[in-house]
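Have a look at the structure below, then the notes.
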């Protein structure tokens, strides 16, 4: 009795010890594979021989689940080339090693070479279609997805941050007092977890005292709220005003400078408005400015209409990147494209992802393509959502014949290569009818692959601390 319990305990301990290693092996398989699908083998054909002891088989799988794909595959039924060798198969008939897996459903971990050319498929790359294994594969795929994080990056404030505490519990009076006390010392708004974004006004006068505005979107325990701050920039203070006045009346006009004090690098809070409607008009003004610089009406007849910017695009570019200074006058500047590329290089050196994204929509494809190349080199996942929308727009424009394929071929190639690089995919060219833009079709077919590679950052942590 005691021995039986001891043996059971050993077996259970061994099983528990194997669970982490099993999870690691699944993670490794998922990471190394280009395609992970669940289904059953329904057809085996081919048996072409490369040399003695090596045979090529065309294997068709009826697909139930697609867990991961880096290249385009048929969502219902996919055929791939399975190479079987004597070294990996101990059967006399090599076909039997494949037929062994045709009796029921399995999870297959494939490489792009299986689809294009052919490759061996190890036994360790085929797992039974059990619920626990399927769950482990699904979790592994989910954990390996890119996390796109636009607003909550580099939040470095402490868990007991006073400013965030006031915002969380909607203590607006205390928040106003906190800002009044610390605004001159400089508040690093982007480092606070409860501050979603911040926008400064750019209209500062050249005389003292001047004024400016600031807009904040903050996240409370219940909702998101807009805050407008009206700030005084600098001040001039005069002491004993009657004395310099009297001296100036006596003929010494510069008397005030001896009785005055001025400071230019300080901010004073004058207005604190909650849920103001300033932001909407502010964004519309910026959108008009961006659209003006990106649109060349003289080139639209050749290249077609560009993709319109959304309010979110303008907000992200305004809140997190520097000012946009792209030249507009295409006809009067012979070196316009060279100037535009020089400015794109500047944006790339500053890591201005959102401004680079909107530059990809320029009327002239050569300028947009150069911005795409910069995004590919920086390889920041924040560009993925925008570029997927751009790819959708491009695919529709091509399908409806609104743009000429030959004028956008280089642009479409670079757009596809950039999204592949950002998402870690290897989307390959597909066969298309003569006269149809192959790269436009590739983009349309690859959209679902790119969309499966990322998840949006969950800001639910804000409600916890």
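The values are calculated or read from the model by the stated rules, or taken from the named source; none is laboratory data. Keep in mind the model is a prediction, meaning the values are calculated, not measured. Neighbour counts run over all protein chains shown; Cβ positions are idealised from the backbone, glycine included.
For this structure, a couple of remarks:
- Of all residues making up region 55-82, the number that are touching a residue at least 40 places away in the same chain (Cβ under 8 Å), assigned to a loop (DSSP other than H, G, I, E, B) and touching a strand residue (DSSP E or B) at 6+ places or on another chain (Cβ under 9 Å): 3
- Residue 364 vs. criteria assigned by TED's automatic domain parsing to the domain that holds residue 314 and touching a strand residue (DSSP E or B) at 6+ places or on another chain (Cβ under 7 Å): no
- Among the residues of region 139-174, the one identified as surrounded by 15 or more Cβ atoms within 10 Å (Cβ to Cβ), closer than 17 Å to residue 228 by Cβ and without any contact (Cβ under 8 Å) to a residue 24 or more places away in the chain is 166.
- Subset of region 118-142 [in a helix (DSSP H, G or I), within 18 Å of residue 59 (Cβ to Cβ) and in contact with a helix residue (DSSP H, G or I) (Cβ under 8 Å, 6 or more places away or on another chain)]: 124, 125
- Residue that is modelled with the lowest pLDDT, among those in region 188-203 that are outside any helix (DSSP H, G or I) and surrounded by fewer than 17 Cβ atoms within 10 Å (Cβ to Cβ): 203
- Some residue of region 406-419 being more than 19 Å from residue 308 (Cα to Cα), in the same structural domain as residue 313 (by TED's automatic domain parsing), out of contact with any helix residue (DSSP H, G or I) (no Cβ under 8 Å at 6 or more places or on another chain) and surrounded by fewer than 22 Cβ atoms within 10 Å (Cβ to Cβ): yes
- Matching residues, region 267-288, being surrounded by 15 or more Cβ atoms within 10 Å (Cβ to Cβ) and either modelled with pLDDT of 80 or more or part of a strand (DSSP E or B) (or both): 267, 268, 269, 272, 282, 283, 286, 287
- For region 296-388, the helices (runs of 4 or more DSSP H) that sit wholly inside it and include 3 or more residues that are farther than 27 Å from residue 455 by Cα and either at pLDDT 90 or above or touching a helix residue (DSSP H, G or I) at 6+ places or on another chain (Cβ under 7 Å) (or both) are 336-349, 365-378.
- Residue in region 96-117 that is surrounded by 15 or more Cβ atoms within 10 Å (Cβ to Cβ), without any contact (Cβ under 8 Å) to a residue 24 or more places away in the chain and in the same structural domain as residue 49 (by TED's automatic domain parsing) present: yes
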